[in-house]
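The values are calculated or read from the model by the stated rules, or taken from the named source; none is laboratory data. Values in this document were obtained by computation on a predicted structure and should not be read as measured data. Cβ: placed from backbone, ideal geometry, glycine included. Neighbour counts: every protein chain shown. Keep in mind that these areas ignore ligands, DNA and RNA; they rest on the heavy atoms of the full protein, side chains included. Shrake-Rupley method; radii C 1.70, N 1.55, O 1.52, S 1.80 Å.
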Amino acid sequence: MDSGGEVLFELRGRTAVLTLNRPEALNALNDVALDKLERAFDRIDAEETIRAAVITGAGGRAFTVGIDFAVLERDPDAFQRFVAQEMVCLYDRVVRLRVPVIAAVEGLAYATGAELPMCCDIAYAGEGTTFCLPDLSLGLGFASSAWKASEKLNRMRLAELAFTGAQFSAQDAYEIGLLTRVVAKGRALETALDTAEQIEGKPEMAVRVSKQAFSRGYADDWFAFLELQKDAIASADFRSSVNALLERRASSKQGG
């Protein structure tokens, strides 16, 4: 594990675990944290042995409560650049990352804490997790991840929560499609790692193609998806899997 700092990077098997590590600030994101996340994503994309990524928060009190407004106090212009960096280097990067990304959410999940799971491929939250989308209450427009969220969430319910800034529970988040599943309190990371381990065992190219298909959405463009599928069909994993299947079928016929 990379020790210390705003973001911890740990390899567990072939899964990269990124931990937002500012528990004293409820894991609020500052410019240093975003820079470290960006470097972590670069490493994940570069290291072919990494097959999945998990994002979680340290301390148990919060996943993250969003932007650290100390950035605004230092320099209003820097704050504008920071918001742009958050959208491009965090939300968009998670969507485009080479491997599936799983959010493991516990405690408070405000602002970025609620929006980041929308951009992940899979998201688990422990019972008792509290979500909130306070952007409008702070005078900011809610657009950071709405472009992605609208694909898989109840859009009208999301709009209600964004416009009102009301807190909502993990169960509410699950019912509108923000979460994959609600798990027992304190079990989100364990559940995420269990899922990541299952992903590790799948053929690498098939996982990569599926990640791109889920992220980009090919409901109306099957030909684009078929271009992706060619890579999986041409892979050694596919040939090996097919040969193993044919051998099992032949053995079964002989046994019959």
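How many residues, within segment 93-111, are over 15 Å from A40 (Cβ atoms) and of a type outside the set (V, I, T)?
Taking segment 93-111 as the starting set, the residues that turn out to be over 15 Å from A40 (Cβ atoms) are 95, 100, 104-111.
When the remaining residues are screened for being of a type outside the set (V, I, T), the result is 100, 104, 106-111.
Qualifying residue count, segment 93-111: 8.
Could you tell me whether R61 is among the charged types (D, E, K, R) and open to solvent by 40 Å² or more (accessible area, probe 1.4 Å)? Spell out how you get there, then give the answer.
Numbers: among the charged types (D, E, K, R): yes; open to solvent by 40 Å² or more (accessible area, probe 1.4 Å): yes.
Taking the combined requirement at face value, the residue satisfies it.
Those residues that are over 16 Å from I176 (Cβ atoms) and of a type in the set (F, W, Y), I need them from segment 95-132; list them, please.
Result: Y110, single match.
What single numbered condition from (1) closer than 20 Å to C132 by Cα; (2) open to solvent by 40 Å² or more (accessible area, probe 1.4 Å); (3) among the aliphatic types (A, V, I, L, M); (4) modelled with pLDDT of 95 or more fails to hold for L20?
Exception for L20: condition (2).
Which condition breaks for A53 when tested against (1) surrounded by 23 or more Cβ atoms within 10 Å (Cβ to Cβ); (2) within 18 Å of E175 (Cα to Cα)?
With (1) surrounded by 23 or more Cβ atoms within 10 Å (Cβ to Cβ); (2) within 18 Å of E175 (Cα to Cα) applied to A53, the lone miss is (2).
Is there a residue being under 24 Å from V183 (Cβ atoms), out of contact with any Gly (no Cβ under 9 Å at 6 or more places or on another chain) and at pLDDT 90 or above anywhere in segment 57-72? First the steps, then the outcome.
Taking segment 57-72 as the starting set, the residues that turn out to be under 24 Å from V183 (Cβ atoms) are 57-66.
Filter once more, keeping what is out of contact with any Gly (no Cβ under 9 Å at 6 or more places or on another chain): 58.
So of that shortlist, the ones also at pLDDT 90 or above come out as 58.
Yes, some residue in segment 57-72 is under 24 Å from V183 (Cβ atoms), out of contact with any Gly (no Cβ under 9 Å at 6 or more places or on another chain) and at pLDDT 90 or above.
Filter segment 121-134 down to the residues that are surrounded by 24 or more Cβ atoms within 10 Å (Cβ to Cβ) and of a type in the set (A, V, I, L, M, F, W, C) and list them by number.
As a first pass, look at segment 121-134 and keep what is surrounded by 24 or more Cβ atoms within 10 Å (Cβ to Cβ): 123-125, 129, 131, 133.
A123, A125, F131, L133 - these are the residues of segment 121-134 that are surrounded by 24 or more Cβ atoms within 10 Å (Cβ to Cβ) and of a type in the set (A, V, I, L, M, F, W, C).
Look through P134, P117 and report the one residue that is closer than 19 Å to L193 by Cβ and either acidic (D, E) or modelled with pLDDT under 95 (or both). Let's see the steps before the verdict.
Numbers: P134 fails: closer than 19 Å to L193 by Cβ.
Every option except P117 fails the conditions.
Could you tell me how many of the residues in segment 176-209 are charged (D, E, K, R), under 18 Å from the mean Cα position of the chain (by Cα) and open to solvent by 50 Å² or more (accessible area, probe 1.4 Å)? Reasoning before the result, please.
First, pick out the residues of segment 176-209 that are charged (D, E, K, R): 181, 185, 187, 190, 194, 197, 200, 202, 204, 208.
Pick out the ones that are also under 18 Å from the mean Cα position of the chain (by Cα) and you get 181, 187, 190, 194, 197, 200, 208.
Filter again for open to solvent by 50 Å² or more (accessible area, probe 1.4 Å), leaving 181, 187, 190, 194, 197, 208.
Total meeting the criteria: 6.
For the list (1) without any contact (Cβ under 8 Å) to a residue 60 or more places away in the chain; (2) surrounded by fewer than 18 Cβ atoms within 10 Å (Cβ to Cβ); (3) part of a loop (DSSP other than H, G, I, E, B), I need the number of the one condition that E160 fails.
(3)
Just give me the residues in segment 24-38 being open to solvent by 50 Å² or more (accessible area, probe 1.4 Å) and farther than 14 Å from I55 by Cβ, in sequence order.
Step one: filter segment 24-38 for residues open to solvent by 50 Å² or more (accessible area, probe 1.4 Å), giving 24, 31-32, 35-36, 38.
Result: E24, D31, V32, D35.
Checking the conditions here, which among L158, L193, L179, L189 is of a type in the set (A, V, I, L, M, F, W, C) and modelled with pLDDT under 90?
Details: L193 fails: modelled with pLDDT under 90; L179 fails: modelled with pLDDT under 90; L189 fails: modelled with pLDDT under 90.
Result of the check over L158, L193, L179, L189: L158.
Would you check which residues across segment 192-209 are part of a helix (DSSP H, G or I) and without any contact (Cβ under 8 Å) to a residue 40 or more places away in the chain and list them?
First, the residues of segment 192-209 that are part of a helix (DSSP H, G or I): 192-200, 204-209.
If the condition is that a residue be part of a helix (DSSP H, G or I) and without any contact (Cβ under 8 Å) to a residue 40 or more places away in the chain, then D194, Q198, M205, A206, V209 are the ones that fit.
Just checking, which of F69, F82 is of a type in the set (F, W, Y) and exposed (fewer than 14 other Cβ atoms within 10 Å of the Cβ)? So that I can check it myself, show each step before the final result.
Working: F82 fails: exposed (fewer than 14 other Cβ atoms within 10 Å of the Cβ).
One residue alone meets the criteria, F69.
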